[in-house]
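Peer 1: Once you've had a glance at the structure underneath, I'll fire off some questions.
Taken together, the values in this text are just the output of simple stated rules run on the coordinates, not laboratory data. All of these numbers come straight from a predicted model, not from anything done at the bench. Cβ atoms come from the backbone with ideal geometry, glycine included; neighbour counts cover every protein chain shown.
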Amino acid sequence: MARIAFIGLGNMGAPMAQNLINAGCHLQVFDLVEALTRPLVEAGAILCHSLKDVVTNVDVVITMLPAGEHVRAVYLGAENKEGLLAHVTSGTLLIDSSTIDPESARVVGLAAQKQGIEFVDAPVSGGVAGAAAGTLTFIVGGSDVAFEHAEKVLKHMGKNIFHAGSVGSGQMGKICNNLMLGILMSGTCEALTLGMDNGLDPKVLSNIMLQSSGRNWALELYNPCPDVMATSPASNGYQPGFMSKLMLKDLGLGIEAAAKSQSSVPMGALARNLYALHNAKGNELLDFSSLFEFYQSKS
Ligand code: NAD
């Protein structure tokens, strides 16, 4: 079984890593917040205290970090600290599953290529529930050879694995998806609030829209109104899940990409601004479905 280094054991990384352990992989883990690695270490993972240690004696490195700046720092180094590329040996496959700007993915990919090392960007869709169930969708950018190699590992954590194109293409596919998700979540909050303000029960209204043309992922699996769906973050104090600050980041990535390709994204820009206002009120660590509270506030 593969020997894998996993870096970034947050809301997504921890359940993904757990599925690799369940599949029988030898796992080495590293996170700046060591406490996050504890359940995995109890499940059999080896705890490492540095980037150098975690990438030693492995076949595959997987990173699941917040944003492009973290990915660049971890792979390339920053502030006089070496990145992991200084320590990996040839033959190692590098997989970054964070959602970041395509340019950072290309810069890291090129640096790896110069060392003769394979790199793919492989961002995911499916949320924490999909990560725990091993049903994530992976959107992969990289060479055909690297994709085939990565697929063998990703299949332990996901159900649908797409090859979007060369390095950076996975991120572009993911950015388009999350632009749509931000718009759908905003629209779902808006429609539910309109109905409630006019006397409708949110459970009844949700059922009506689920069987009608307003049906969408946010409504079906992630209802933003508390107590409509027992399993959604809304019914658990909006604990993430997917933090509002990460949705703001992703909508920003969509707008950056649109500026480069001279595409028009008026709906995405509106959703981004809604999240910016919501986050500025101190909600950035709450789940992104907490935008519902922004709509509910009448002041
Ligand atoms: P998170 O903040 O919960 O986890 C990120 C982890 O990376 C943290 O534990 C942090 O300590 C660690 N980290 C940061 N810098 C590090 C470094 N230099 N070395 C080692 N560890 C470091 O975020 P998350 O929700 O798990 O999301 C991770 C990525 O996945 C983001 O890019 C996000 O946009 C994307 N994503 C999240 C979801 C979701 O539902 N949460 C869904 C799809 C994609």
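Peer 1: Would you mind ranking H70, H49, H163 by Cβ crowding within 10 Å, fewest neighbours first?
Peer 2: If I rank by nearby Cβ atoms, fewest first, I get H49, H70, H163.
Peer 1: Here's something else I'd like to know. Which angle between 0 and 90 degrees, to the nearest 10, do you get for helix 144-154 versus the longest principal axis of the chain when only C-alpha atoms count?
Peer 2: 70 degrees
Peer 1: For the chain, find the longest principal axis of its Cα atoms and tell me its angle to the long axis of helix 13-22, 0 to 90°, nearest 10.
Peer 2: 60 degrees
Peer 1: In nm², what is the average projected area of the convex hull enclosing the Cα atoms of region 16-148?
Peer 2: Over every viewing direction, the Cα hull of region 16-148 projects on average to 7.9 nm².
Peer 1: How big is region 121-194 in terms of Cα radius of gyration and Dmax, in angstroms?
Peer 2: Looking at region 121-194, its Cα Rg and Dmax stand at 14.4, 51 Å.
Peer 1: Also, quick follow-up: Take every DSSP beta bridge with both residues inside the chain and express the antiparallel ones as a percent of the total, to the nearest 5.
Peer 2: 20 percent
Peer 1: Provide the per-residue ³J(HN,Hα) series for region 233-248, in order, calculated from phi with Karplus coefficients 6.51, -1.76, 1.60 and θ = phi - 60°, each as a whole number of Hz, with x at glycine and proline positions.
Peer 2: x, 4, 8, 10, x, 6, 5, x, x, 10, 5, 4, 5, 6, 5, 4
Peer 1: Defining a contact as two alpha carbons under 8 Å apart and six or more residues distant in sequence, what relative contact order in percent does region 145-299 show?
Peer 2: Worked out over region 145-299, it gives 26 percent.
Peer 1: Quick query: amide H of A2 versus all other amide H atoms, modeled in the peptide plane; which residues come in under 5 Å with a sequence gap of 5 or more or a different chain?
Peer 2: Result for A2 returns H26.
Peer 1: If you restrict to DSSP beta bridges whose two residues both lie in region 1-92, what percentage is antiparallel, to the nearest 5?
Peer 2: 15 percent
Peer 1: Could you tell me what % of all Cα pairs in the chain have separations over 23 Å?
Peer 2: So the pairs more than 23 Å apart make up 56 percent of the total in the chain.
Peer 1: Of all trypsin sites (Lys or Arg not before Pro) in region 129-206, which ones are in loop regions per DSSP and have a Cβ with at most 15 other Cβ atoms within 10 Å?
Peer 2: Sparse-neighbourhood loop trypsin sites (Lys or Arg not before Pro): K155.
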